[in-house]
Amino acid sequence: MQQNSTSDVQKWFPSEDGNDEKRSELMDLIGQLIKGVDELKNPNQVNLKGQKNREGFFYEKLISESEIPSTGMPMKNVNDELLKLLHDHPYHSKYFLTNILPMASIPGILGMIAAFMVNGNNLWDVYGPAGAEAEVKVTAMMSKLAGYDAEKSGGYTTWGGQGAVYSGLRIAIAKMAPSALQEGVPGNFYAFCSEAAHYSLYKSMEAAGLGSHHLIKVKTHLDHSMDTEDLRRKLKEVCETGGIPVYIVATTGTTDAIGIDDVHDVRQAAEETSREFGLPVPHIHADSALGGFLAFFNDYDLKENALSFSPGVVEMISGIKEKMRHLHLADSLCFDFQKLGQTPYVTSLFLVKDANDLKRVDLDPDETPYVGHRGYGDYHTGYTLECSRMASSISMYSALMAFGREGYQKLFGQFLEVNFHFRKQLSERIPQAEIMNPDNYGMSTLFRIYPQGAPRFAEEISGKCSSEDVERNNRLNEKLFEKLGEQRDKIFFGDTKKHLLVGTREGIEVPLCVSKFFVISPYTMPEHVPHIIDYLKEQIDHVCQQYETFMTNEKGI
Ligand SMILES: *Cc1c(COP(=O)(O)O)cnc(C)c1O
């Protein structure tokens, strides 16, 4: 009989035969990590406990001290080192209100672990059959949610909402000029998105060699959605001067304000202009990285209101449905599971309405000697920019199965409920603050503060303020950013220096600085809002007081 031989190097790997001893070793190590993190938690602050001094030459010191050890250390000790990395790390407690940075859910984490246990390569179903199966399932599930015909649609998991915007651009170019794949991109191609769009398209234009000067920014309405009349004008301008519009990105859920472009109107503008100039219709990508998940409300019956949402939330959902029902009119779209899907990074899904679009950017069999195009294996993703791919679809699948439609509706309903309370109490209790996205229903509320006697939002957007006025207001808001930022360990707000451009008397445009309240933690509840408002009021009063003292001194009084 052959004896099983063991070698020293096997200690670093899971067992070959599923024996109990190795399993409990692995479970203990995982337990050590989870317990270690639990010991660092404090629900009344944002960061995990522990010491971390990032002052001075923090990174420089890391560089000079870091060396690979000549002999490795026991895994238990490595775990201790890993836990030290997590000291003072931002954690998704109820006071984590900064941005769309979610907690990884238990189903999401388990999906990842399942994928890691076989570590298949999602490039080809011969190497990664589990990933391929989950990818096809998730693509079909999300296609149906978005209103695509799952028999005709296609998709794959990719590197973020950014990757999806870039993938859409690749297809857009290949559609308009199939020879561009061999000969390069024609110099008269243009892409369009709104001023409130994510910078993903800007970067994609650079990367595709089109150049960011070929990206045309379209004006937005006050609710941060694209002004499709301006789109029409700008499409025409490009066509009249010999340009060809190839790609329009409609943002269905802007990153800060959750403004939602009307995909129906965008498509209408694109089709009409194309007809007028005898050109093919540009590829329309709905950048639904963030907002796509709001489509979970599309089939929620507001009359029945089975989940007993409050009247305030019902009204918000009604506004969301009005826009999200047009999602299926886009040629491609994206679901960033790492945003509202509650899975770990990186888990993003790119979908195309017509799977044939993927063939336009696929590799020729001659170019893939290692994989695919064999008698065996039916699923080879030669059309992705990545070669090897993680099977992130397994984590998505796990979350979708565990949450179900209703679970996501409940979670997002809770996020909306907290925002509803926040908006109400902010308006009632903090007179210096104004809500900057009152018409957008999402999990984010943007607010801007004003010094006493200064022109406020209504005047700023009327275009009648001087740029000095707007910039003075901006400076006060930046002071608040600093103040909130210093104490972000207590309550972590977000902010942006480039919200909505407003015109001024001098005819120049100035972006507004605004703070952001983004509900993303499942632990933030309506009953926490009064304390959050108390805290905010104290900080705002302080900043405004300082500002007024400063202004009085300036005037030499
Ligand atoms: C977050 C976001 C992106 C970028 O997504 P990543 O996953 O970070 O690459 C693109 N577009 C929108 C609208 C986003 O909110």
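Things to note:
- Of all residues making up the stretch 304-341, the number that are of a type in the set (Asp, Glu), more than 15 Å from the ligand (Cβ to nearest atom) and within 18 Å of Ser288 (Cα to Cα): 2
- For the residues Asp301, Asp265, Asp230, the requirement of being more than 16 Å from the ligand (Cβ to nearest atom), without any contact (Cβ under 8 Å) to a residue 24 or more places away in the chain and crowded, with 17+ Cβ neighbours inside 10 Å singles out Asp230.
- Test: residue in the stretch 82-93 that is among the hydroxyl-bearing types (Ser, Thr, Tyr) and closer than 30 Å to Gly494 by Cα: yes
- Within the stretch 186-209, residues that are under 14 Å from Ala164 (Cα atoms) reach partners that are part of a loop (DSSP other than H, G, I, E, B) and open to solvent by 40 Å² or more (accessible area, probe 1.4 Å) with beta carbons closer than 8 Å, at six or more positions or on different chains, in the pairs Ala208/Val185.
- Within the set Tyr127, Tyr202, Tyr156, the sole residue that is within 24 Å of Met396 (Cβ to Cβ), open to solvent by 10 Å² or more (accessible area, probe 1.4 Å) and either of a type outside the set (D, E, K, R) or assigned to a strand (DSSP E or B) (or both) turns out to be Tyr127.
- Within the stretch 436-474, the set of residues being of a type in the set (Phe, Trp, Tyr), open to solvent by 10 Å² or more (accessible area, probe 1.4 Å) and in a loop (DSSP other than H, G, I, E, B) comprises Tyr441 only.
- Test: residue in the stretch 250-257 that is open to solvent by 20 Å² or more (accessible area, probe 1.4 Å) and within 16 Å of the ligand (Cβ to nearest atom): yes
- Flag for Val246 being within 16 Å of the ligand (Cβ to nearest atom) and at negative phi: no
- Cβ-Cβ distances below 6 Å connect the following pairs, each with a first residue in the stretch 164-176 that is touching a residue at least 40 places away in the same chain (Cβ under 8 Å), a second residue that is within 16 Å of the ligand (Cβ to nearest atom) and in a helix (DSSP H, G or I), and a separation of six or more residues or different chains: Val165/Ser200; Val165/Leu201; Val165/Ser204; Tyr166/Ser204; Leu169/Ser204.
- Residue list for the stretch 268-298, filter: of a type outside the set (Ser, Thr, Tyr), open to solvent by less than 40 Å² (accessible area, probe 1.4 Å) and more than 20 Å from the chain's Cα centre (by Cα): Ala269, Ala270, Pro282, His283
- The set of residues in the stretch 524-551 being open to solvent by 60 Å² or more (accessible area, probe 1.4 Å) and polar (S, T, N, Q) consists of Gln545, Gln546, Thr549.
- Qualifying residues in the stretch 75-102 (those that are within 16 Å of the ligand (Cβ to nearest atom) and crowded, with 17+ Cβ neighbours inside 10 Å) - the one farthest from the chain's Cα centre (by Cα): Thr98
- Close Cβ contacts (under 7 Å, 6 or more residues apart or on different chains) running from residues in the stretch 246-260 that are assigned to a loop (DSSP other than H, G, I, E, B) to residues that are among the acidic types (Asp, Glu) and more than 9 Å from the ligand (Cβ to nearest atom) comprise Gly259/Asp223.
- Within the stretch 45-72, the set of residues being in contact (Cβ under 8 Å) with a residue 12 or more places away in the chain and surrounded by fewer than 10 Cβ atoms within 10 Å (Cβ to Cβ) comprises just one member, Gln51.
- In the stretch 342-357, residue nearest to the ligand (Cβ to nearest atom) [restricted to those that are part of a loop (DSSP other than H, G, I, E, B) and surrounded by 24 or more Cβ atoms within 10 Å (Cβ to Cβ)]: Thr347
- Pair list, Cβ under 8 Å, 6 or more apart: the stretch 485-511 residue free of Cβ contacts under 8 Å to residues at least 60 places away in the same chain, other residue open to solvent by 40 Å² or more (accessible area, probe 1.4 Å) and among the β-branched types (Val, Ile, Thr): Val502/Ile461
- Residue match in the stretch 171-187 (condition: surrounded by fewer than 24 Cβ atoms within 10 Å (Cβ to Cβ), in contact with a Pro (Cβ under 8 Å, 6 or more places away or on another chain), among the basic types (Lys, Arg) and not in a strand (DSSP E or B)): yes
- The set of residues in the stretch 268-298 being more than 16 Å from the ligand (Cβ to nearest atom) and part of a helix (DSSP H, G or I) consists of Gln268, Ala269, Ala270, Glu271, Glu272, Thr273, Ser274, Arg275, Glu276, Phe277, Phe296, Phe297.
- Selection of the stretch 496-511 for residues being under 15 Å from Thr445 (Cβ atoms) and surrounded by fewer than 22 Cβ atoms within 10 Å (Cβ to Cβ) yields only Thr496.
Let's see how each residue does on (1) assigned to a helix (DSSP H, G or I); (2) within 26 Å of Ala115 (Cβ to Cβ); (3) at pLDDT 95 or above:
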position	(1), (2), (3)
Gly18	no, yes, yes
Ser24	yes, yes, yes
Asp28	yes, yes, yes
Ile34	yes, yes, yes
Val37	yes, yes, yes
Pro43	no, no, yes
Asn53	no, no, no
Gly56	no, no, no
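- Scope the stretch 310-337; condition within 29 Å of Ala140 (Cβ to Cβ), out of contact with any Lys or Arg (no Cβ under 9 Å at 6 or more places or on another chain) and open to solvent by 10 Å² or more (accessible area, probe 1.4 Å); matching residues: Ser318, Gly319, Lys321, Glu322, Lys323, Arg325
- Scan of the stretch 130-153 for residues that are open to solvent by 20 Å² or more (accessible area, probe 1.4 Å) and either of a type in the set (S, T, N, Q) or under 15 Å from Leu400 (Cα atoms) (or both), ordered by number: Glu133, Val136, Lys137, Ala140, Met141, Lys144
- Within the stretch 228-244, tally of residues that are assigned to a helix (DSSP H, G or I), aliphatic (A, V, I, L, M) and more than 29 Å from the chain's Cα centre (by Cα): 1
- Among the residues of the stretch 149-202, just one is more than 10 Å from the ligand (Cβ to nearest atom), at pLDDT below 95 and within 23 Å of Ile258 (Cα to Cα), namely Glu195.
- Residue in the stretch 246-264 that is at pLDDT below 95 and hydroxyl-bearing (Ser, Thr, Tyr) present: yes
The values are calculated or read from the model by the stated rules, or taken from the named source; none is laboratory data. Quick caveat: nothing in here was measured; it's all calculated off a predicted structure. When we count neighbours, we look across all protein chains shown, and the Cβ atoms used for this are built from the backbone with ideal geometry, even at glycine. Quick note on the areas: whole protein, heavy atoms, side chains included, nothing else; ligands and nucleic acids left out. Shrake-Rupley method; radii C 1.70, N 1.55, O 1.52, S 1.80 Å.
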